[in-house]
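S.K.: The following block contains the structure, expressed as structure tokens.
The values are calculated or read from the model by the stated rules, or taken from the named source; none is laboratory data. Keep in mind that this is a model prediction, so the values were computed, not measured. Neighbour counts run over all protein chains shown; Cβ positions are idealised from the backbone, glycine included.
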Amino acid sequence: MEMIVSVGIFAMAILIALSSLFSITDAQKKAVALQNVLDNLRFSLEAMAKEIRTGSSYHCAPDISLVPQDCAGGASLTFLNAEGVTVTYFIQTNNSINQIMKKTGADAARPVTAANVNMERMIFYVSGTGASDQRQPRATIVLEGLVSPTPRTQTRLNLETSVSQRKLDS
């Protein structure tokens, strides 16, 4: 009888320990998945910033006139990249997910962010584009969205970065 009771208590202790181990393993997998998604978003934002930094003729309109102009709260950013090609960044809905898109020249737009990053808002602020304003052109990007590495976990994020033009304003 004592043996049965001790085996039962031991089995309960093992069951509790295993459930804790599985719970910790699941939490670690979610953390790694979230880290991967955030790394993708950080990489995408840094790639955008690098291209914007080496570009010129910034404006917040999706046209190709390329007349530099300041703007406060544009939904897209169009500029000439270092090779002189027109680039536009904007948000587009693909399969009910809002992704950051990049359109280069006459090519079709392609996603910059992964499919598990749902951007709710992307706003561009451009200042210093006037030739005689004595200020270096600068673009600020504000991102708001949800990252969802697994269907059960969603994390809200707000990111902002400012990028000044690398070449000196003439």
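S.K.: When residues of segment 149-170 are filtered for being at pLDDT below 80, surrounded by 14 or more Cβ atoms within 10 Å (Cβ to Cβ) and either outside any strand (DSSP E or B) or in contact with a Cys (Cβ under 6 Å, 6 or more places away or on another chain) (or both), how many remain?
M.R.: The qualifying residues number 1.
S.K.: Pick out the one residue from GLY145, GLY105 that is closer than 19 Å to SER162 by Cα and out of contact with any Pro (no Cβ under 8 Å at 6 or more places or on another chain).
M.R.: Within the list GLY145, GLY105, the selection yields GLY145.
S.K.: Yes or no: SER44 among the polar types (S, T, N, Q), over 20 Å from ALA106 (Cα atoms), surrounded by 14 or more Cβ atoms within 10 Å (Cβ to Cβ) and at pLDDT 85 or above?
M.R.: Considered against the rule, which asks whether it is among the polar types (S, T, N, Q), over 20 Å from ALA106 (Cα atoms), surrounded by 14 or more Cβ atoms within 10 Å (Cβ to Cβ) and at pLDDT 85 or above, SER44 comes out as yes.
S.K.: Here's another thing I want to ask about it. Could you grab me the full set of residues in segment 62-121 that are without any contact (Cβ under 8 Å) to a residue 12 or more places away in the chain and either of a type outside the set (Ser, Thr, Tyr) or closer than 20 Å to LEU157 by Cα (or both)?
M.R.: VAL67, GLU83, GLY84, THR93, SER96, ALA106, ASP107, ALA108, ARG110 - these are the residues of segment 62-121 that are without any contact (Cβ under 8 Å) to a residue 12 or more places away in the chain and either of a type outside the set (Ser, Thr, Tyr) or closer than 20 Å to LEU157 by Cα (or both).
S.K.: Are any of the residues in segment 69-89 outside any helix (DSSP H, G or I), more than 20 Å from the chain's Cα centre (by Cα), farther than 20 Å from THR161 by Cβ and modelled with pLDDT under 85?
M.R.: There is at least one residue in segment 69-89 that is outside any helix (DSSP H, G or I), more than 20 Å from the chain's Cα centre (by Cα), farther than 20 Å from THR161 by Cβ and modelled with pLDDT under 85.
S.K.: It is to be established whether one or more residues within segment 89-105 are touching a Leu at 6+ places or on another chain (Cβ under 6 Å), surrounded by 13 or more Cβ atoms within 10 Å (Cβ to Cβ) and not acidic (Asp, Glu).
M.R.: Checked segment 89-105: at least one residue is touching a Leu at 6+ places or on another chain (Cβ under 6 Å), surrounded by 13 or more Cβ atoms within 10 Å (Cβ to Cβ) and not acidic (Asp, Glu).
S.K.: A further question follows. Consider SER23 against the criteria (1) exposed (fewer than 12 other Cβ atoms within 10 Å of the Cβ); (2) not in a helix (DSSP H, G or I): it satisfies all of them except one. Which criterion is unmet?
M.R.: For SER23, the failing item is (2).
S.K.: Assess whether LEU146 counts as being in a strand (DSSP E or B), touching a residue at least 60 places away in the same chain (Cβ under 8 Å) and surrounded by fewer than 18 Cβ atoms within 10 Å (Cβ to Cβ).
M.R.: no
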